[in-house]
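Readers should treat all values here as calculations from the given coordinates under stated rules, not as data from a laboratory. Because the structure is predicted, anything quoted here is derived from the model rather than measured. Virtual Cβ from ideal backbone geometry, glycine too; neighbours counted across all protein chains shown.
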């Protein structure tokens with residue numbers, strides 16, 4: 001079967017604008033969390049966020065795109081551009097219908113819409129931007145990337161809350177297998193305006209602490225919610241043969257396995273879908289649990305959810321049998337951006353032979369039975385990594401990424 | 001007060017951003033909206049700003065007949081005269 005590889009990464013998060021900055025901070029466990037500065041957050045129950053600093057949209061994007069884009073779409077456009085650059089792809093030199101775009105988005109264009117709603121209520125309907133018609137919309141990132149780079153192949157938008165980044169990569173792999181040689185894919189999110197912030201608080205899982213060093217502590221005894229971030233990652237996925245044919249400068253790894261599952265109805269008494277989702281992704285990749293070198297956990301930082309994830313990992317891998325890490329503790333949770341950012345991070349772990357730490361977390365309850373990488377990065381020969389993500393209301397997804405080995409035959413069945 | 005082509009240019013750029021091609025901008029007034037890179041939404045956003053600033057409403061079906069900024073200025077002038085008559 002067609003093998004799908006990653007040839008380019010465009011990443012941005014609170015602890016790094018661009019892949020290099022992000023990876024340098026992530027390796028060191030340097031976080032980008034702090035009191036939200038975009039509006040006066042003092043009266044809100046949650047005040048900490050992972051904000052991207054120093055991003056000037058006009059430095060990265062043509063003026064024409066500014067009046068029509070939410071901040072999340074600007075991030076997506078910039079990440080896509082960086083990923084293509086990283087992969088040394090010049091879309092103008094390829095066939096437009098041979099390139100697709102698959103993006104995930106959990107929040108939509110909150111900030112843009114908040115501004116237009118404000119105009120609607122204070123100045124009247126005539127003042128609302130005509131661009132509101134699509135700037136809010138979940139599919140807008142795929143659309144804008146497609147238009148900007150002339151990519152007219154099969155394109156999609158997925159909305160599966162915080163599992164979306166992985167689902168986008170899974171669907172992009174499907175798109176490649178159906179015959180589209182190149183797909184830009186991943187997730188990006190942002191909602192740090194007052195309305196977006198209120199909505200995130202309503203989700204009920206935000207950390208209400210005020211010390212950024214002790215706020216988002218996945219799997220910690222003191223875990224008490226997560227700190228939301230913004231950003232994510234877009235990747236260039238290619239049919240391996242097509243990538244080799246065009247002389248792609250670097251094959252960062254292979255999207256070897258993918259699965260998604262949905263939790264049973266609350267009160268049904270049946271177990272959550274996470275374990276079988278992980279097992280299905282491993283089976284899809286043709287790897288055993290023993291072959292996995294590291295797990296990038298969903299790591300919500302809510303004790304009940306951390307315990308459930310640790311239990312699923314224990315059932316699949318055995319207690320403490322595989323290193324587990326959650327670099328998103330340093331970037332904040334970036335919603336649909338989280339899964340694809342973790343896959344990008346896993347690929348960099350493979351490249352550099354290092355597992356980044358879970359910043360902040362100090363003490364993991366013994367009953368979790370997980371070997372969480374804490375304090376500092378751990379050197380390791382990483383060949384196969386599992387990335388896990390869950391979304392509110394029951395979404396579970398898992399992706400297996402593997403070091404590129406041109407002669408691997410275990411998935412050619 | 002009649003709207004000038006320069007005012008049209010200012011409002012388009014404020015509404016929909018500056019054109020991507022510098023060569024197109026050199027002869028802004030007589031370059032087609034297509035070439036300048038403005039699609040129908042850019043024209044609607046511009047028309048709405050014109051209405052707020054000049055109190056002249058240009059119906060959509062006429063708006064999309066304007067090919068260039070000069071056409072649009074002319075359209076606004078005639079819409080204003082029609083309203084006054």
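Given that compact globular proteins tend to follow 2.2 N^0.38 Å, what is the ratio of the alpha-carbon Rg of the range A:208-344 to that value?
Numbers: Rg = 17.0 Å, N = 137, 2.2 N^0.38 = 14.3 Å.
That ratio works out to 1.19.
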Label-to-label distance, nm, for residues given as residue B:84 and residue A:366 (7 Å Cα→Cβ offset): 9.0 nm
Over chain A, with a Gaussian network built from C-alpha contacts below 10 Å, which listed residue (A:141, A:15, A:381) shows the highest mean-square fluctuation? A:381
How fast does the range A:240-295 diffuse by Stokes-Einstein, in µm²/s, taking the Kirkwood radius from C-alpha pairs at 20 °C and 1.002 mPa s? 154 µm²/s
Post the alpha-carbon centroid distance, the range A:9-40 to the range A:246-297, in whole angstrom. 26 Å
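How many percent of DSSP beta bridges within chain A run antiparallel, rounded to 5? Walk me through the numbers before you get to the answer.
Values: 41 of 62 bridges.
Among the beta bridges of chain A, antiparallel pairing accounts for roughly 65 percent.
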Using alpha-carbon positions, the gyration tensor of the range A:188-271 gives root eigenvalues a ≥ b ≥ c; with a/c under 1.5 called rounded, otherwise prolate if a/b exceeds b/c, else oblate, the class is prolate
With angles folded into 0 to 90 degrees, how steeply does helix B:5-16 sit against the dominant principal axis of chain B? Use alpha carbons for both and round to 10. 70 degrees
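Semi-axes, largest first, in whole Å: what does sqrt of 5 times each Cα gyration tensor eigenvalue give for the range A:114-196?
Details: eigenvalues 199, 48, 13 Å².
The three semi-axes for the range A:114-196 are 32, 16, 8 Å.
Quick check: convex hull over the Cα atoms of the range B:5-84, volume per residue in Å³, rounded to an integer? Working shown, then result.
Details: hull volume 5.9 nm³, N = 80.
Cα convex hull per residue, to the nearest whole number: 74 Å³.
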Whole angstrom only: what separates the Cα centroid of the range A:93-139 from the Cα centroid of the range B:1-69? 21 Å
log10 of Debye I(q)/I(0), alpha-carbon scatterers only, for the range A:1-96 at 0.16, 0.18 Å⁻¹: -0.85, -0.99
A chain fully extended from residue A:407 to residue A:88 at 0.36 nm per residue, minus the present Cα-Cα distance, gains in nm 112.5 nm
quick shape note, the range A:1-405: Cα extents on principal axes in Å, largest first -> 61, 56, 42
Where the Cα pairs of the range A:138-185 fall when distances are cut into 5 Å bins, in %: 5, 22, 31, 25, 15, 3
